[in-house]
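Peer 1: Before anything else, here's the structure in question.
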Amino acid sequence: MNLPAQAAFEGLPPADQICLVVRDLDAALRLYAPLFGPFTVLDSGPFPSVHRGAPVMADLPCAFGRSGNLEIEIVAPRTGPTPHTEFLAAGREGVQHIRYVIDDLDVWIGKAAGLGYRPVWTGSYPASPASPPLRWCYLERDGDPLMIEFVQFG
């Protein structure tokens with residue numbers, strides 16, 4: 001079995017989040033609260049992003065729990081074309097992506113390209129009293145149903 005060279009991801013920090021995409025957030029919270037709760041629910045309404053090169057508005061109610069150092073995110077998309085809505089449209093529910101917090105989004109997107117990943121969903125949030133500004137990028141590659149997300153804070 002030939003495995004791809006891992007040099008492209010040398011220095012990648014450990015994953016800090018696993019995201020599950022579901023159709024019913026309340027049902028998922030009841031199901032997963034004993035494992036990863038308590039959850040903090042975030043329903044901030046539609047926000048701008050870029051999906052497959054086109055500006056879009058996405059509405060993604062979500063909840064955040066924990067398993068040790070690993071954040072567990074549950075997303076139940078309402079509207080907007082996103083990787084989450086594509087995942088559900090393909091008849092899937094469950095783990096959709098793994099997140100890595102990195103220091104330079106553009107550098108890591110370039111490194112990921114070496115393993116066949118390409119950006120499919122990007123966006124940013126300005127700073128708020130609760131958090132610094134951030135930029136994100138979801139990446140996919142052919143033949144792999146699991147996406148990765150890179151997030152850069154600051």
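The values are calculated or read from the model by the stated rules, or taken from the named source; none is laboratory data. Given the structure is predicted, the values throughout are model-derived calculations rather than measurements. Using ideal geometry, Cβ is built from the backbone for each residue, glycine included, and neighbour counts are taken over all protein chains shown.
Peer 1: Inspect the range 62-75 for any residue being within 24 Å of residue 154 (Cα to Cα), hydrophobic (A, V, I, L, M, F, W, C) and out of contact with any Leu (no Cβ under 8 Å at 6 or more places or on another chain) and give the result as yes or no.
Peer 2: Yes - at least one qualifying residue is present in the range 62-75.
Peer 1: Taking the conditions exactly as written (in contact with an Asp or Glu (Cβ under 9 Å, 6 or more places away or on another chain) and on the phi > 0 side of the Ramachandran plot), does residue 116 satisfy them or not?
Peer 2: Values: in contact with an Asp or Glu (Cβ under 9 Å, 6 or more places away or on another chain): yes; on the phi > 0 side of the Ramachandran plot: yes.
Against the criterion (in contact with an Asp or Glu (Cβ under 9 Å, 6 or more places away or on another chain) and on the phi > 0 side of the Ramachandran plot), residue 116 qualifies.
Peer 1: Just to be sure, is residue 10 at negative phi and at pLDDT below 95?
Peer 2: Answer is yes for this residue.
Peer 1: Still on this model: For the structure I just gave you, tell me whether residue 29 is more than 13 Å from the chain's Cα centre (by Cα) and surrounded by 14 or more Cβ atoms within 10 Å (Cβ to Cβ).
Peer 2: Details: more than 13 Å from the chain's Cα centre (by Cα): yes; surrounded by 14 or more Cβ atoms within 10 Å (Cβ to Cβ): yes.
So residue 29 fits the description; yes.
Peer 1: What pairs come out if I take residues in the range 74-88 that are in contact (Cβ under 8 Å) with a residue 40 or more places away in the chain and within 17 Å of residue 136 (Cβ to Cβ) and pair them with residues that are buried (at least 22 other Cβ atoms within 10 Å of the Cβ) and polar (S, T, N, Q) whose C-beta lies under 9 Å away, six or more apart or interchain?
Peer 2: Going by the 9 Å Cβ cut-off, the qualifying pairs are 75/82; 75/96; 83/96; 84/96; 87/96.
Peer 1: Does the range 18-63 hold any residues that are assigned to a loop (DSSP other than H, G, I, E, B) and either touching a residue at least 12 places away in the same chain (Cβ under 8 Å) or β-branched (Val, Ile, Thr) (or both), and which are they? First the steps, then the outcome.
Peer 2: We begin by selecting, within the range 18-63, every residue assigned to a loop (DSSP other than H, G, I, E, B); these are 22-24, 37-39, 43-46, 52-53, 60-61.
Answer for the range 18-63, where residues must be assigned to a loop (DSSP other than H, G, I, E, B) and either touching a residue at least 12 places away in the same chain (Cβ under 8 Å) or β-branched (Val, Ile, Thr) (or both): 22, 23, 24, 37, 38, 39, 43, 45, 46, 52, 60, 61.
Peer 1: Would it be correct to say that residue 39 is farther than 24 Å from residue 108 by Cβ, of a type outside the set (Ser, Thr, Tyr) and buried (at least 18 other Cβ atoms within 10 Å of the Cβ)? Spell out the reasoning first.
Peer 2: Numbers: farther than 24 Å from residue 108 by Cβ: yes; of a type outside the set (Ser, Thr, Tyr): yes; buried (at least 18 other Cβ atoms within 10 Å of the Cβ): yes.
Yes: the conditions hold for residue 39.
Peer 1: I would also like to ask the following. Strands (runs of 3 or more DSSP E) wholly in the range 64-154 with at least 1 residues that are crowded, with 19+ Cβ neighbours inside 10 Å and of a type in the set (A, V, I, L, M, F, W, C) - which ones?
Peer 2: Working: elements: 70-75, 94-101, 118-125, 134-141, 144-153.
Filter on the range 64-154 gives 70-75, 118-125, 134-141, 144-153.
Peer 1: I'd like to know if the range 54-69 contains one or more residues that are in contact with a strand residue (DSSP E or B) (Cβ under 7 Å, 6 or more places away or on another chain), at pLDDT below 95 and more than 18 Å from residue 147 (Cα to Cα).
Peer 2: No: the range 54-69 contains no residue that is in contact with a strand residue (DSSP E or B) (Cβ under 7 Å, 6 or more places away or on another chain), at pLDDT below 95 and more than 18 Å from residue 147 (Cα to Cα).
Peer 1: Please go through (1) over 17 Å from residue 139 (Cβ atoms); (2) outside any loop (DSSP other than H, G, I, E, B) for residue 14 and return the number of the only condition it doesn't satisfy.
Peer 2: Of the numbered conditions (1) over 17 Å from residue 139 (Cβ atoms); (2) outside any loop (DSSP other than H, G, I, E, B), the odd one out for residue 14 is (2).
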